[in-house]
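Working notes for the structure below.
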Amino acid sequence: MGHIRLPHLPRTKRWQEVVDLVGGGAGSAAAVASATLDAIDDSFAAGGDDAGLVRAVWLLANLPDAAKSGDFAKALSGLGVKVSASPTVAEVTTAISDAVDNYLGAHRGRSDVGEMALGAAVEALSKNLAQRTASLFPEADDVRREVAKLGTEVQFGKLARDFFARFTERSLKYYVDRELPRQVGGDGRFQTLAEQRDFSRALELHCQQAAKIVEAFAGGWWSKARFEKDLTEERTARFVGYALKKMRDELRKGAAG
Amino acid sequence: MTAPPTETWVLCGGATHARAPADALRLSVGDTSDSMTVGIAGVSQALTGQLSTRFTDLVRIATFVLGADGAIDRGRLDDADGGKKWHRAFRLVIGVEDPSFWSQPDVTTALEETLSFLSQDTFAFEFQTLASQRGHKKKVGEQLVFSTPGGKPFLPWDHIEDISLFSGGLDSFAGAAELIFGQKRGTILVSHRSATKMWATQAGLVEDLRALAPKHGARPPEHVAVEVTRHNDILRTERTQRTRSFLYAAIAGAVANLVSRNRICMYENGIIGINLPIAGSVVGARATRTAHPRVLGGFAKILTHVAGAKFTVENPFALKTRAEVIQGLSSSPALHLAKQTMSCAHIHQRSQMHPHCGVCSQCIDRQFGFLGADMAEHESFEGYELKLATDEWKDDGARSLLLNWIGTADDFVSCKNGEQFIEKFGDAARAIPNIMDAFGLDADGSRRAVFELHKRHGDTVARVLEAIHARSAKDIREGKLKPTTLPMLLYREGLRKQRVENKAGQAGAENQFRAVDGSWHLRFRSGQAFELPDAKGLHYLGLLLAHPGEARTTAALRALSEGRDPAGCHVLDADGKKAVRERVAALRKERDEAEEFCDQATVTRCQAEIDALTPLLKAKGADGLADEKMARAMEKNLREAISSITKASKPFGDHLKEYVQIGSVCWYRGPGIAWDIALPAVASDPAATRSEATDGVALVIDLPNQRVTFRGHEIPTTPPNNLQPQALLALAALAQRPGEAVTMADVATGIWKLGGLAKKPTSPDQRDLKYKLTTPFTKALPNGEAKKLIQAVRGSGLRLNLRAEEVQLVLRDSGGVEKR
């Protein structure tokens, strides 16, 4: 039990650039991100077709309206999310995770993209709610109120940015992490584990920066879709595809100046 | 939406299906003439008849699932297909004795969801009545072989209170010891009899426990061994076997049912049970989920359906670290047996001298566990082929695993509370619901418990590493340790070894295109920098990269490269117009898509580029027509330059091939990459240099060349932060009457005449126009020089606050305008 299967990068030409950038010593996090996206062709941007990814974003997009309805728990139940009458942050994030898992388990097909999306959604939601609900004397309705407050263009934009930053980071590390630790020690780029982890953090920051591009329009999209009463999974899938395309283009720019 | 992977049809136990393809996998379980045999030793044949139909079916189903799991390849470790091969889809049609029960939606859903999470495959089940097995010697109910080791009857089972899975590993051993000696419970241990080596360990440990028990007032445990044999090679295609634990749980459940118990135990420390990914590349079930709380909950749900009463699958160690499990053995009479347990994932390659490889995740966790529990004397560290603290971790894969493992433990420590923990490890949320059920906690309590478990584990790892460091500090300082030993991988204080020069080793911008002393210094995406001799094509490329998005005719490009004014060089031939039209069409499509998603920044960018390109299609005149010979020569120069670059750096060359348009009109559709560009002095690109104000002139507006300078500062007329074409004309209109308030109607007239437009535009909105005029100036002169350059005069319009002698307005002689 407890076995871990650790993959590594193929030694094909297009991945060799990534390996060279990581191992050669001068490739910044931004350059490595850009090269990785080139190596995986269009599969990153095609993530908008993934059932798990779309479901995760759709749930995040519909949460605020559920909180604004007369009965939060009932509205969430309609989305497949089971919580108590006055749920805590832990309960909401756990229930979101469960909802996506159950959705995928019922023949929608598991995928690595879906797994990464689920984790990113839980993390983004947890972060955005935790910041808002940190209180010495929490009240039963605090979480519902704060979820409702995510329902503005600005706030949804921030949530979307956080989600896409984390999802993109996971997507890049899905490949890059196969090479980074191999470069620690000996002739490798990183002399110590700490140096390798600094690089990982730089990659994380780069994704957060790049995700600003999504924040710029996500709120507008969400508001328009709500206004047109069309916050469906189909429409969400198109939004996800577009957002990933913008992230990819932004990351391909490399480091900013 | 992406469709799930192609389904593999699996027809089991003689089942048939009209839609099944001819090459469907067919499985049967029984004797050696079948695909698989499941042998269960240790239970009396006399009990066979008491095994319920549903439990018999359950074991049958679990066996077929394992068979299918082994038949379909999951790909290689170096696959970069996004996991396409890893995720499979199965449609199992299974002959069972009670199909109406198994076909109930709740039951089928419990099976499908649990197995889907366990193995990350998609499962669909259909059940049929078990067909009569013609030609088989055994009856259906006897296909699951129950026998005692020596044919002896099983002992009475009234004393049995617990059924526990027993792998022979450390955690299951500690659990068994706790049940037998700690709680004095009558126990059946259920083992998978796989490799001979492992079986020897399991059987040996059970024998030792049985011998020890009476000496300590405990009941000797019973032992049931499950052996699954595949008689068809195709079932050995895939070795990961993530669904194996479902079969063990099914058999343990069947055994429990035989002795009228509704509970089984599966002992695994919480860190391994939840098994959070230690690296971004470890997604989903690449980290096994055998004892994941969600899986145990799923097994419990299935067993509850089958038993017809509440059935639990428990892991009492779910909130303990490995070190804590080991510490729990400290007062056990069985402690001395702990070193005989076997945790290694690579059991088949082990020897008696080295029963543990030392490099798999279980071995790493085990070494840290004993050291962290301060019970190293109870472990045989010499039995590890690679020892954690002292040996060299030369193998890249092994070193990666170790460092990822340590790094993740460190990340646990960095979290201050449950919220931060879930913000960093969202996957942990999946364990929370079942931890809530198992330990009677609410969601917050469960989250806190899971966080604290991981924090304690991280603290233990940190403590062990500090101790290793303390012991190694002197050797590190004296340079005695090899670079890939653990102390050196973590710490490099004192006398550092000479750092290996990195192969690229250049400072400077990531993307360079610099003319230096007659040659070109180039670099792309912080790869290896290289030098190329001077060539015209590189010159042209440099000019294009310096102005991304600006389309230039070949004549204009050549003029710029020679330091000449490109005015009059903007007329396109047919090919050029075609290229521009295609680009404009692509931009319109991009703009319209951006509109759908309210991406205003992209809409604005696209529109600006459309506005810049469209006039090229309208430009007329014979004197600027591209010289075809010159155009072909320039094309050749550019392609040769790109070819030279590709030879030195394929990624660079590929980038240029994708983003540089070559033809009678050329441009670089840069994706926003920042370039460090230095062109040769002769390429005095007017837009790249600051022009000097002459004789008191502050503002120069050069309409034919679309240039504006203010007090020597270039005001951009191309993105970003630029004066848009209409705004430029409006500025020129104001410049015709400096110091005067000009109404918007007059501005519209000015735009019309100066722009040579076919129709007079509507009067612009004053406020909007002021914004569009002043923003480029304030961006270019952030020191506030241009703050009051353009002023709104209430009721009168906008005023350019300059004297006439301070303004220079350049128009064509005809008074018309030539736009870029």
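Here are some notes:
- Selected residue (only one of B:G537, B:G542, B:G527, B:G479 is closer than 22 Å to B:G670 by Cβ and at pLDDT below 90): B:G527
- Only one entry in B:D81, B:D171, B:D121 is under 40 Å from the mean Cα position of the chain (by Cα), at pLDDT 95 or above and at the interface with chain A (Cβ under 10 Å from one of its Cβ atoms), namely B:D171.
- Among the residues here, B:A473 does not qualify as over 30 Å from the mean Cα position of the chain (by Cα), crowded, with 20+ Cβ neighbours inside 10 Å, at pLDDT below 90 and not polar (S, T, N, Q).
- Those residues of region B:425-451 which are without any contact (Cβ under 8 Å) to a residue 12 or more places away in the chain and away from every other protein chain (no Cβ under 13 Å), in sequence order: B:G440
- Out of A:R189, A:R182, A:R161, A:R248, one residue alone is modelled with pLDDT of 95 or more and touching a helix residue (DSSP H, G or I) at 6+ places or on another chain (Cβ under 6 Å). It is A:R161.
- B:T390 satisfies every condition listed in (1) assigned to a helix (DSSP H, G or I); (2) more than 10 Å from chain A (Cβ to nearest Cβ); (3) out of contact with any Cys (no Cβ under 9 Å at 6 or more places or on another chain) except (1).
- The helices (runs of 4 or more DSSP H) falling completely within region A:29-106 that include 3 or more residues that are closer than 29 Å to A:K245 by Cβ map to A:29-39, A:51-68, A:89-103.
- Residue in region B:411-424 that is within 12 Å of chain A (Cβ to nearest Cβ) and more than 24 Å from the chain's Cα centre (by Cα) present: yes
- Beta carbons closer than 8 Å, at least 6 apart along the sequence or on distinct chains, pair a first residue in region B:87-116 that is β-branched (V, I, T) with a second that is surrounded by fewer than 21 Cβ atoms within 10 Å (Cβ to Cβ) and part of a loop (DSSP other than H, G, I, E, B) for B:V93/B:T16; B:V93/B:H17; B:V93/B:A20.
- Given (1) within 14 Å of chain A (Cβ to nearest Cβ); (2) modelled with pLDDT of 95 or more; (3) not in a loop (DSSP other than H, G, I, E, B), index of the condition B:A318 fails: (3)
- Applying the criterion of being basic (K, R) and more than 10 Å from chain A (Cβ to nearest Cβ) to the residues of region B:259-293, the residue that is nearest to the chain's Cα centre (by Cα) is B:R263.
- The lone criterion from (1) in contact with a strand residue (DSSP E or B) (Cβ under 9 Å, 6 or more places away or on another chain); (2) of a type in the set (S, T, Y); (3) within 11 Å of chain A (Cβ to nearest Cβ); (4) farther than 22 Å from B:G426 by Cβ left unmet by B:T304 is number (3).
- Residues in region A:143-195 that are touching a strand residue (DSSP E or B) at 6+ places or on another chain (Cβ under 9 Å), part of a helix (DSSP H, G or I) and at the interface with chain B (Cβ under 7 Å from one of its Cβ atoms): 2 in all.
- Residue within region B:748-758 that is in a loop (DSSP other than H, G, I, E, B) and out of contact with any Gly (no Cβ under 6 Å at 6 or more places or on another chain) present: yes
- Cross-chain or 6+ apart pairs with Cβ under 6 Å, region B:342-371 first and at positive phi, then outside any helix (DSSP H, G or I) and of a type outside the set (D, E, K, R): B:G358/B:Y384; B:G358/B:L386
- Count of region B:223-255 residues which are surrounded by fewer than 24 Cβ atoms within 10 Å (Cβ to Cβ), out of contact with any helix residue (DSSP H, G or I) (no Cβ under 8 Å at 6 or more places or on another chain) and hydrophobic (A, V, I, L, M, F, W, C): 0
- Here region B:393-423 is the region considered, the condition is being assigned to a loop (DSSP other than H, G, I, E, B) and buried (at least 18 other Cβ atoms within 10 Å of the Cβ), and the residue that is modelled with the highest pLDDT is B:C415.
- Out of A:A90, A:A73, one residue alone is within 7 Å of chain B (Cβ to nearest Cβ), more than 30 Å from B:T6 (Cβ to Cβ), free of Cβ contacts under 8 Å to residues at least 60 places away in the same chain and among the small types (G, A, S). It is A:A90.
- Test result for B:A780, out of contact with any Asp or Glu (no Cβ under 8 Å at 6 or more places or on another chain) and small (G, A, S): no
- Sole exception among (1) assigned to a helix (DSSP H, G or I); (2) surrounded by 14 or more Cβ atoms within 10 Å (Cβ to Cβ) for B:E466, by number: (2)
The values are calculated or read from the model by the stated rules, or taken from the named source; none is laboratory data. On a predicted model such as this, the values are computed, not experimentally measured, just so you know. Here the Cβ is made from the backbone with ideal geometry for all residues, glycine too, and neighbour counts use every protein chain on show.
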